[in-house]
Amino acid sequence: MTCADVLRELDDYVDGSLSEGRFQEVELHLHSCGACREEERLLRALLAHAAAMPRLLDPPRDLWPAIAERLREEGPGARRSLPWWAGGLLAAAAVLLALSSSLRVPARPTQPSQGGEGRLAQASFTSPSLLEAEGGYLKATEELNAALESRRGSLSPETLRVVDENLRIITEALRSVRQALAKDPGNRALTHMLLSTHRKKVEILRRATLLT
Amino acid sequence: MRPAGTLAIVDIEGGVIEPRADEDRPGRERELVARARAGDRDAFEELYRENVGRVYALCYRLAGEASLAEELTQDVFVRAWQKLASFRGESAFSSWLYPLTVNVALSERRSRRRRTARILATEDPTAFEVGVPPAGTEVGFDIERAIAELPPGARAVFVLHDVEGYRHGEIAALTGVATGTSKAQLHRARRLLREVLQR
């Protein structure tokens, strides 16, 4: 192993997340390399500093009066009847429903864009770049789905119902956009719609996960 | 050694945070939560006083500046009041409050990024404000300042991973970035901090 290899692996080595074989290789290198041993020492010292940081810090002033004022402005006993994010989610769902129902793309190719941009679609949205972008969203969706699934029990039934319904709508919208794009590849508006819908799905999953 | 008065650790098993109630959690906290849920602001103030130190510490380290940390701390408790009905009481109040704190702090960072269109990914520490560190941090003064000077993305991951103990999968879910990005940001943060500590 070179020093560059060891420095790349040093985080995982110190965190204990290397495979046994890799761990031994790093250990062997550290045994004979003073420079890398010094990096390891500094990293462990840094983590020791982090562990020793006080868990409590006093704010410079008492924040309760300002908090109490904001609670008073909300009104007596004012609590939202729905989770704070539900309003935005339901609005997003309404927009997505409208999008889904408008996706009746004809089989014939569309005319090139002649709007303010005045450029053909294929210059900016080639298939490989779209695939790469969509791949990123799909990966994020997969990770968030896994996180949400593992914590579903901590959400109320009402919240779960809203989340599942909105995910169903978005998934359906994604399917519709993909079908339309398959018939009209390179359509800039559809490409934007696809990526935008992916973003909405990731956002909904992210917010739902944060509620758990 | 955990300082007296701090709350129970959070167990992490199989990548899922499983909060457990502090074994010595007084029934008083349960009573306070029940009263606050019923609208008793005095009870909520007591919950505030018992948790503000931890919440402010987290906000300060994620924000990197004291004035923003104060705003975020206020936002956290207002949000907690609004969402108190969703706290089931099966774990310590702090186990519910701290992930909410992380969410508020990171959401504010994203909002500021949209509003001000600042370039956040920079190696130049002078591009970021560094507020006066709070009192009582002399022991960890250098690392507090060094963390505050990190680029925001690296700072958030370092605080969540190395100070708060979150795993990369959890950080990815909280921040909306990929796990690989979280690891890369941690690597960057640790490298920058080692350079500071070496001076």
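No lab work stands behind these numbers, since they all come straight from the coordinates. Note that the structure is predicted; figures quoted are calculated from it, not measured. All Cβ positions, glycine included, derive from the backbone under ideal geometry; neighbour counts span all protein chains shown.
Listed by chain and number, the lysines whose alpha-carbon sits under 30 Å from that of B:Lys183, ignoring those within fewer than 8 places in the same chain, are A:Lys139, A:Lys200, A:Lys201. Shielding value for B:79-85 is 4, the average number of Cβ atoms from other chains within 10 Å of each residue's Cβ. Neighbour counts of C-beta atoms inside 10 Å place A:Cys33, A:Cys3 in the sequence A:Cys3, A:Cys33, starting with the fewest. Our estimate of slack between A:Gln179 and A:Gln24, defined as 0.36 nm per intervening residue step minus the Cα-Cα distance, is 50.7 nm. Residue by residue along B:162-168, Cβ atoms of other protein chains within 10 Å of the local Cβ number 3 on average.
Between A:Asp15 and B:Asp42, take the C-beta separation as r, use R0 = 41 Å, and let me know the FRET efficiency to the nearest 0.05. Present the calculation step by step, with values, prior to reporting the outcome.
Working: r = 44 Å, r/R0 = 1.08.
For A:Asp15 and B:Asp42, the calculated efficiency is 0.40.
Which FRET efficiency value, to the nearest 0.05, do you get for A:Asp58 and A:Ser196 by plugging their Cβ-Cβ distance into 1/(1 + (r/R0)^6) with R0 = 60 Å? Display every interim value, and only then the final one.
Numbers: r = 44 Å, r/R0 = 0.74.
For A:Asp58 and A:Ser196, the calculated efficiency is 0.85.
Computed on segment B:32-91, with alpha-carbon pairs under 8 angstrom and 6+ residues apart, the relative contact order is 31 percent. For the segment A:45-52, counting C-beta atoms of other chains within 10 Å of every residue's C-beta and taking the mean gives 6.
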